[in-house]
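Engineer: Dropping the structure in here first, questions after.
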Amino acid sequence: MLKIRNVHKKFHHIEVLKGVDITVDKGDVVVILGPSGSGKTTLLRCMNFLERADQGEMEFDAVHLELMAASSREIAQIRKKTAFVFQNYNLFQNKTALENVTVGLTVGRGMSRMQAEAVGMKALIKVGLADRANFYPAQLSGGQQQRVGIARAIAVEPDVILFDEPTSALDPELVGEVLAVIKQLAKEGKTMVIVTHEMKFAAEVATHVVFMADGNIVEEGSPEMMFVCPKEERTRSFLRRILPQIEYNI
Amino acid sequence: MELDYSFLEKTLLLVLLAIPTTLKLTVVSVLAAAPFSLFIALVRLHRRGALLRLVTAYVTFVRGTPIVLQILLVYSLLPSALKAGAAGLGLSVDVFALNPVFYAYAVFTLNTIALLSEVFRSALGNIAPGQMEAALCAGLTKPQAYAYIILPQALVSAMPNLCNLTVNLIKGTSLAFLMTVQDMTATAKIAASYGYNYIEAYLDVFVGYVLVCSVVQCLFHYAERHVGRYRLVRQKQG
């Protein structure tokens, strides 16, 4: 469904992505792992043009385009097929929870307000926040804000949802509620690409795991293969550092 | 010292009757300047090159010269320039018969464009870049993102500076007497000149400005509370 090939991206002469390929099929939950600075977030942001790649191609269903030459019309088209969940939520501060979810439907897609509110409430119910529909972001906890962020993403029924470290900014006790929502979406067969540092969660939801380091994909495969017997030493040392208990478990 | 109370009263009424002129100068200037100011603010935030240098030079020039000088300059240059322009187009317009208030609108608008652009620039700069990114990801176009997400938030953080600017402009319009516009100050001065009751006249003008500026500050206070509802809830909780 979504394929990107040979993505290169430089920031001030530092090469952050050095020719990355990634394929996402319908129903996939692709989890991208890797140390900080490995280019995971940049890759995700290149996928919906929040960053403009210097080189690379994208195939999205029937659409085929060069990443660096895509017109603003093509970019808008891709953005309407995707949704993005940010590390720091980025809820619209001047909108209530419900308005945060509906503005992409009414303003962005021309849906009637009544219809959009029905869709929006359904999305809020799904993330367990129907009772907070009329609260402003400033009145919500971090976990609640991120769940509204997820409701905002699913309401537009995107072909793929991109998650950029959705729990990294949360207090530890709030991480669970957000991960539970994402697990539920995985169960329903939603197509997702997730950058995360939550290993247990990654092992649980992923259908495909990608390990990145220094702007390259080092290794990828099924979660069983990647977590139990990774081939590359770079992957192993990363997992050892982030999952010390794995040594004892084995 | 003996004050002429009957003159004080009579002139106060005249000054109060001139409030609409002062307010008109202020409101017209701010509204006329707003779109240009927004444009300059956006250029200064997001553009490079010739356009940026041009608008920066404009803002620097306006901020770097006393408004009295701007008034004198425009008031002596603009009529001649207009006359030359009209003659060039073959029109026979008597530019010197033009109501001086239009020159006042011109000066105060040109001045406000520069000052207001800085108010907008600081307000827009305060909005986290993530708000625009989230709007684009939600399927909004850039103009839609500005209209529904960015500008409503920028307006709230601009309110205190906007109030400052408006109140300063109200006081600044007192210089319109230089262009023979009969605002509050000019009205009082003219009244005083007949019998040299300057102290009374100045006291009346004083009262007039305090009154107008107090009301405007109150209005801004309520406006800020209204457009910033979403922030107040946080303050109450915190």
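Engineer: Taking only the range A:163-190 into account, find how many residues are of a type outside the set (A, V, I, L, M, F, W, C) and in a helix (DSSP H, G or I).
Structural biologist: Looking only at the range A:163-190, we keep the residues that are of a type outside the set (A, V, I, L, M, F, W, C), and these are A:164-168, A:171-173, A:176-177, A:183-184, A:187-190.
Now narrow it down to the ones that are in a helix (DSSP H, G or I): A:172-173, A:176-177, A:183-184, A:187.
Number of matching residues: 7.
Engineer: Test residue B:57 against the stated conditions and say whether it is exposed (fewer than 12 other Cβ atoms within 10 Å of the Cβ) and on the phi < 0 side of the Ramachandran plot.
Structural biologist: Details: exposed (fewer than 12 other Cβ atoms within 10 Å of the Cβ): yes; on the phi < 0 side of the Ramachandran plot: yes.
Yes.
So that you can scan it fast, the table gives a plain yes or no per residue for (1) surrounded by fewer than 20 Cβ atoms within 10 Å (Cβ to Cβ); (2) touching a Leu at 6+ places or on another chain (Cβ under 8 Å); (3) within 9 Å of chain B (Cβ to nearest Cβ):
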position: A:98; (1), (2), (3): no, yes, no
position: A:130; (1), (2), (3): yes, yes, no
position: A:152; (1), (2), (3): no, yes, yes
position: A:157; (1), (2), (3): yes, no, no
position: A:169; (1), (2), (3): yes, no, no
position: A:177; (1), (2), (3): yes, no, no
position: A:185; (1), (2), (3): no, no, no
position: A:190; (1), (2), (3): no, no, no
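Engineer: Okay, moving on. Looking at B:91, B:78, B:98, can you tell me which residue is over 16 Å from the mean Cα position of the chain (by Cα), exposed (fewer than 15 other Cβ atoms within 10 Å of the Cβ), modelled with pLDDT under 85 and under 18 Å from residue B:178 (Cβ atoms)? Give the derivation first.
Structural biologist: Working: B:91 fails: under 18 Å from residue B:178 (Cβ atoms); B:78 fails: exposed (fewer than 15 other Cβ atoms within 10 Å of the Cβ).
After applying the criteria, what remains is B:98.
Engineer: Continuing with this model, one more query. Return the pairs, sorted by first residue and then second, in which the second residue is in a loop (DSSP other than H, G, I, E, B) and surrounded by 23 or more Cβ atoms within 10 Å (Cβ to Cβ), the first residue lies in the range A:26-39 and is in contact (Cβ under 8 Å) with a residue 60 or more places away in the chain and of a type outside the set (Gly, Ala, Ser), the beta carbons are less than 6 Å apart, and the residues are 6+ apart or on different chains.
Structural biologist: From residues that are in contact (Cβ under 8 Å) with a residue 60 or more places away in the chain and of a type outside the set (Gly, Ala, Ser), the pairs are A:29/A:206; A:31/A:206.
Engineer: Please find, among B:154, B:186, the residue that is away from chain A (no Cβ under 13 Å), surrounded by 20 or more Cβ atoms within 10 Å (Cβ to Cβ) and out of contact with any Cys (no Cβ under 7 Å at 6 or more places or on another chain). Even if it seems obvious, please write down each step before you answer.
Structural biologist: Details: B:154 fails: away from chain A (no Cβ under 13 Å).
Of B:154, B:186, the one residue that is away from chain A (no Cβ under 13 Å), surrounded by 20 or more Cβ atoms within 10 Å (Cβ to Cβ) and out of contact with any Cys (no Cβ under 7 Å at 6 or more places or on another chain) is B:186.
Engineer: If we scan the range A:20-35, do we find a residue that is farther than 24 Å from residue A:223 by Cα, touching a helix residue (DSSP H, G or I) at 6+ places or on another chain (Cβ under 8 Å) and more than 14 Å from chain B (Cβ to nearest Cβ)?
Structural biologist: Filtering the range A:20-35 down to residues farther than 24 Å from residue A:223 by Cα leaves none.
There is no residue in the range A:20-35 that is farther than 24 Å from residue A:223 by Cα, touching a helix residue (DSSP H, G or I) at 6+ places or on another chain (Cβ under 8 Å) and more than 14 Å from chain B (Cβ to nearest Cβ).
Engineer: Scan the range A:51-68 and tell me whether some residue there is outside any strand (DSSP E or B), crowded, with 22+ Cβ neighbours inside 10 Å and without any contact (Cβ under 8 Å) to a residue 60 or more places away in the chain. Give the steps one after another, and end with the answer.
Structural biologist: Filtering the range A:51-68 down to residues outside any strand (DSSP E or B) leaves A:51-54, A:61-62, A:67-68.
Restricting the remaining residues to those that are crowded, with 22+ Cβ neighbours inside 10 Å gives A:53, A:67.
Next, only the ones that are without any contact (Cβ under 8 Å) to a residue 60 or more places away in the chain stay: A:53.
Scanning the range A:51-68, I find at least one residue that is outside any strand (DSSP E or B), crowded, with 22+ Cβ neighbours inside 10 Å and without any contact (Cβ under 8 Å) to a residue 60 or more places away in the chain, so the answer is yes.
Engineer: Is it the case that the range B:120-138 has a residue that's facing another protein chain (nearest Cβ under 7 Å), on the phi > 0 side of the Ramachandran plot and assigned to a loop (DSSP other than H, G, I, E, B)?
Structural biologist: No, the conditions are met nowhere in the range B:120-138.
Engineer: Pick from the range A:101-126 the residues that are outside any helix (DSSP H, G or I) and within 13 Å of chain B (Cβ to nearest Cβ): which of them is nearest to residue A:151 (Cα to Cα)?
Structural biologist: Once the filter is applied, the top-ranked residue is A:111.
Engineer: Please specify each residue of the range A:132-144 satisfying the condition of being assigned to a helix (DSSP H, G or I), among the polar types (S, T, N, Q) and either within 12 Å of chain B (Cβ to nearest Cβ) or touching a strand residue (DSSP E or B) at 6+ places or on another chain (Cβ under 8 Å) (or both).
Structural biologist: Here is the first cut: in the range A:132-144, the ones assigned to a helix (DSSP H, G or I) are A:132, A:137-139, A:142-144.
Checking the rest, the ones that are also among the polar types (S, T, N, Q) come to A:139, A:144.
Answer for the range A:132-144, where residues must be assigned to a helix (DSSP H, G or I), among the polar types (S, T, N, Q) and either within 12 Å of chain B (Cβ to nearest Cβ) or touching a strand residue (DSSP E or B) at 6+ places or on another chain (Cβ under 8 Å) (or both): just A:139.
Engineer: Tell me the helices (runs of 4 or more DSSP H) entirely within the range B:140-218 that contain at least 2 residues that are closer than 16 Å to residue B:119 by Cβ. Write out each step before concluding.
Structural biologist: Details: elements: B:142-145, B:151-172, B:184-195.
Passing ranges, in order: B:151-172.
The values are calculated or read from the model by the stated rules, or taken from the named source; none is laboratory data. Computed from a predicted structure; not experimentally measured. Quick reminder, even Gly has a Cβ in these numbers, built from the backbone with ideal geometry, and neighbours come from all protein chains shown.
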